[in-house]
Amino acid sequence: MQFYLDGFRPGDPDVRPEAAKMDGVPDVVDVLVIGNGPAGSLLAAQLAEFGGISTRFIERRQTPMEKGQADGVQCRTVEMFCAFGLADQLNREAYHITETAFWGPDEDNRGIVRTGRVIDTEEGISEFGHVIINQARLQQYLVGKMGQAPTRLAPEFGMEVMDVRLPEEESEPVRVTVRQLNVEGQPETVIKARYVVGCDGARSTVRRALGVRLVGDPQFHGWGVLDVLGQSDFPDIRRKSIIVSPTGGLAVIPREGGYLTRLYVDLGDIEPGEAIRERVTEEYIVEAAKRLFAPYAFEPRQIPWWSMYEVAQRVTERFDDVPDSERGTRSPRVFIAGDACHTHSAKAGGGMNISMQDTFNLGWKLAAVLEGRSPASLLDTYNAERQPIAQEFIDFDKAWALMVDGKTADGEDVSTDEIRARFTDIGRFTAGVATRYPGGLIVGDDRHQKLANGYTVGMRFHSAQVARLADTRRMHLGHVHEADGRWRLYAFADRAPVTSPASRLRALCDFLAGDPESPVRRFTPPGADIDGVFDVRGVLQQSHDEVESGDLPALLRPVKGSLGLTDHEKAFTPDINGGADIFDLREIDRERGALVVVRPDQYVAHVLPLDARGELTAFFARFMTAAG
């Protein structure tokens with residue numbers, strides 16, 4: 001973590017200097033975020049980092065959420081939270097899932113027996129694991145983060161959206177009519193915004209205003225959910241467990257704190273049109289859970305939260321206000337994310353995670369457009385990238401939800417051995433690391449993929465351990481990536497030492513720093529630090545004791561900030577003492593090296609040779625605006 005660049009400040013370094021305040025509420029805000037769930041909270045936390053962008057963040061509920069809802073946090077989501085500086089806090093408080101146990105009917109079909117265990121998350125797919133924490137707490141992290149950001153953004157509760165009106169002219173704002181619920185006799189007011197993002201749930205007012213609908217097939221199956229403080233002699237009560245008993249299915253999810261457990265309880269099939277919510281009570285779900293635990297005892301002592309849901313997987317045909325017939329003729333102004341555009345069962349544990357990935361994808365694009373670094377056409381890539389990912393997850397969720405119920409799509413019974421085998425097969429998908437964006441405006445082709453086979457173009461940057469040259473600190477390379485809207489250029493050195501005139505790494509750094517045609521020079525605003533848009537990091541092949549900081553090219557020891565201080569944290573060497581060399585682990589071509597271009601949302605946009613200068617500049621020229 002870096003601070004003091006512009007002078008010493010006492011106190012908590014996480015509290016950044018406050019941006020200059022505008023007088024009163026602006027007539028037109030840059031972004032209006034609707035919905036304080038995980039998707040909206042992550043987007044607001046990201047936008048709060050940009051002092052020149054005005055954001056309002058509203059929520060219909062009159063108070064913050066305190067309990068219930070989702071709780072599973074995938075590896076990929078923890079990687080995202082690392083970029084927000086929140087991974088340490090999350091990992092300290094959360095319950096860490098290491099194994100999943102599988103239970104099935106005993107020989108007499110009267111109870112259940114353990115049929116096996118598997119590692120919950122495949123070794124090496126992420127430096128982080130699968131963790132469990134209350135959704136409300138996750139949102140508190142993000143709200144706290146935005147409150148410490150330059151804009152000091154905070155959610156406004158009790159604000160109900162009544163209507164969303166799209167402008168007839170590009171120059172006009174979107175008009176959102178709201179009603180303040182917690183003020184007696186408060187009249188409706190209109191918020192004008194350049195962009196609106198609806199993260200307002202499955203009953204989204206914003207989605208209805210766009211004229212799109214959630215499409216999918218209900219499964220006509222009910223599940224109850226309990227958060228329980230209780231007593232049980234079930235041997236795996238503190239281990240994630242999937243139970244398929246003679247009378248239905250049960251999922252056991254240990255929760256944070258050591259005592260709390262979440263249960264997903266199979267309530268059986270539902271007749272079409274049946275009002276199941278009228279007959280399902282807390283007691284009904286508890287009795288069903290007791291039957292499914294047999295022959296083991298289960299006695300709740302306190303139930304902080306319970307609910308029930310009907311399995312339904314649905315997705316909208318688009319995630320913004322531009323119909324297919326108008327795509328390319330205008331850029332979107334209104335977006336939907338999370339449950340507003342895709343809903344899932346709880347079986348795959350992905351709904352909350354997919355939702356936050358939506359807005360992490362969108363947030364940096366909005367910032368780039370609003371700050372004038374990219375044209376508005378960049379915003380078309382949100383729908384193009386995220387809608388197919390949601391559809392892919394819906395298709396997966398349908399098959400997996402049936403399997404957890406003990407059935408195939410054809411209605412055939414499935415054994416716990418088959419469920420366990422399938423669980424292992426889909427591990428990368430459920431961990432959230434299987435997403436791959438296709439080539440397009442902001443994802444290059446894979447012609448040079450062999451230079452860095454471990455960094456697949458279109459997939460997230462898979463971190464690995466290195467040693468920082470300046471102080472030999474062992475750390476993960478990916479952890480230098482912050483949620484600040486900057487692009488990362490990871491330059492992996494060729495075999496020639498960086499001190500050699502033959503060094504491709506040195507030649508690249510000299511080009512980036514000094515050539516008017518370099519993307520760093522073309523797209524970084526005048527007066528900004530040289531790493532204000534592109535954060536260039538060098539990874540050498542030599543060990544730390546073979547290179548001095550003074551041997552580095554100037555770009556890897558830049559002078560920055562109002563005091564003109566040198567940044568000593570741009571160069572790394574392999575962490576030889578820590579195990580695998582990053583060049584071997586990520587299959588970097590040792591002879592030629594590689595330049596790995598990483599988007600602000602941590603996805604690999606391109607892999608290029610170190611000397612592909614024209615190709616590098618041409619790539620960024622596709623979606624960036626030259627600085628004035």
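The values are calculated or read from the model by the stated rules, or taken from the named source; none is laboratory data. What you see is a predicted model; the values in this text were computed from it and never measured. In this analysis, Cβ positions are derived from the backbone assuming ideal geometry, glycine residues included, and neighbour counts consider all displayed protein chains. Quick note on the areas: whole protein, heavy atoms, side chains included, nothing else; ligands and nucleic acids left out. Shrake-Rupley method; radii C 1.70, N 1.55, O 1.52, S 1.80 Å.
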### Task
With respect to Leu595, determine if the residue is at pLDDT 95 or above, within 18 Å of Tyr455 (Cα to Cα) and among the hydrophobic types (A, V, I, L, M, F, W, C).
yes
### Task
Filter region 73-116 down to the residues that are among the charged types (D, E, K, R) and without any contact (Cβ under 8 Å) to a residue 40 or more places away in the chain, then identify the one that is farthest from Thr430 (Cα to Cα).
Asp108
### Query
Are any of the residues in region 521-543 modelled with pLDDT under 95 and either in contact with a Pro (Cβ under 9 Å, 6 or more places away or on another chain) or surrounded by 17 or more Cβ atoms within 10 Å (Cβ to Cβ) (or both)?
yes
### Query
Tell me, which strands (runs of 3 or more DSSP E) wholly within region 159-207 include 2 or more residues that are among the hydroxyl-bearing types (Ser, Thr, Tyr)?
189-198
### Message
Taking the conditions exactly as written (more than 30 Å from Phe335 (Cβ to Cβ) and not acidic (Asp, Glu)), does Ser204 satisfy them or not?
### Response
no
### Query
Restricting attention to region 263-280, and to residues there that are modelled with pLDDT of 75 or more and over 16 Å from Thr247 (Cβ atoms), which single residue is nearest to the chain's Cα centre (by Cα)?
Val280
### Query
Given the structure, is His481 out of contact with any strand residue (DSSP E or B) (no Cβ under 8 Å at 6 or more places or on another chain), within 30 Å of Ala434 (Cβ to Cβ) and modelled with pLDDT of 95 or more?
no
### Task
State yes or no: is Met356 touching a Leu at 6+ places or on another chain (Cβ under 9 Å) and modelled with pLDDT under 95?
no
### Message
Condition check: touching a Phe, Trp or Tyr at 6+ places or on another chain (Cβ under 7 Å), closer than 28 Å to Gly129 by Cα and modelled with pLDDT of 95 or more. Does Phe319 satisfy that?
### Response
no
### Query
How about region 464-474: which of its residues are open to solvent by 10 Å² or more (accessible area, probe 1.4 Å), in contact with a strand residue (DSSP E or B) (Cβ under 6 Å, 6 or more places away or on another chain) and of a type outside the set (D, E, K, R)?
Gln465, Leu469
### Message
Suppose the filter is touching a Lys or Arg at 6+ places or on another chain (Cβ under 8 Å) and surrounded by 22 or more Cβ atoms within 10 Å (Cβ to Cβ); does Ile354 pass it?
### Response
no
### Task
From (1) over 26 Å from the mean Cα position of the chain (by Cα); (2) modelled with pLDDT of 95 or more, pick out the condition that doesn't hold for Gly578.
(2)
#### Entry: Boolean, Ala288 is at pLDDT 95 or above and of a type outside the set (Phe, Trp, Tyr)
no
### Query
What number of residues within region 95-152 satisfy the criterion of being more than 22 Å from the chain's Cα centre (by Cα) and not in a loop (DSSP other than H, G, I, E, B)?
15
